[in-house]
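A quick write-up on the structure given underneath.
What follows draws every value from the coordinates through simple rules; no lab data is involved. Keep in mind that what you see is a predicted model, and the values were worked out from it rather than measured. Cβ placement follows ideal geometry from the backbone for every residue including glycine, while neighbour counts extend to all protein chains displayed.
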Amino acid sequence: MTNQALIDALRDADAVRYGEFELSHGGTSDYYVDKYLFETDPRCLELIAEAFAERLEARADAKLGGVALGGVPLAAATSVAAGVPYVIARKQRKDYGTANLIEGRLKEGEEVVVVEDIVTTGTSLVDAVEALRRAGATVERALVVVDRQEGGRENVEAAGLEMEALVTAEELLADRD
């Protein structure tokens, strides 16, 4: 898959919107990448899963970690494409059921590659990685769909992670109509 194929698919799914939007960290932006539109589009999800699976080949023993909520469909689709299991990292424990912060099977010392939809500040990703590490996982790498290039990469790398984005904001917004 080329970056352009994914960019075209994201645009075709109308996942890139223009206007004024409030972001989760409280800032505003003149564009918005709607993860729910691209994560529910079969073509986008297929391209993302294939690209993530290609990047996992060197780490055949690694498990995937999906950041709840946006990373879960990405982890599930990539799990199927790559034939590797995944776990889900919650932002907070639920007050019912098992009350687990990490859902799925995770053994002490197991390597986990975290997948995430969009990185702006990197806070959600870093929080999930810290939860996985507290649960005993070894986490050194994150794969993301879109890096908004707003300081998230630097925050993620400061947390001891290598981050690879399939697409950057610069690429996604280039040559827009």
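No other residue among Ala75, Ala142 is of a type in the set (A, V, I, L, M, F, W, C) and assigned to a strand (DSSP E or B) apart from Ala142. Would you point out the residue of region 104-127, among those that are among the acidic types (Asp, Glu) and in contact with a helix residue (DSSP H, G or I) (Cβ under 9 Å, 6 or more places away or on another chain), that is farthest from Ala51 (Cα to Cα)? Here the residue is Glu111. Working only within region 13-26, note down all residues that are touching a residue at least 24 places away in the same chain (Cβ under 8 Å) and within 25 Å of Val126 (Cα to Cα). Matches in region 13-26: Ala15, Val16, Leu23, Ser24, His25.
Based on what the data block shows, is Ala142 within 15 Å of Ala62 (Cβ to Cβ), among the small types (Gly, Ala, Ser) and within 11 Å of the chain's Cα centre (by Cα)? So Ala142 fits the description; yes.
Restricted to region 131-157, and to residues there that are touching a Ser or Thr at 6+ places or on another chain (Cβ under 8 Å) and among the polar types (S, T, N, Q), the residue that is surrounded by the most Cβ atoms within 10 Å (Cβ to Cβ) is Asn155. Applying the selection to region 1-35, what residues are outside any strand (DSSP E or B) and either more than 23 Å from Phe52 (Cβ to Cβ) or among the aromatic types (Phe, Trp, Tyr) (or both)? Matches in region 1-35: Leu23, His25, Gly26, Gly27.
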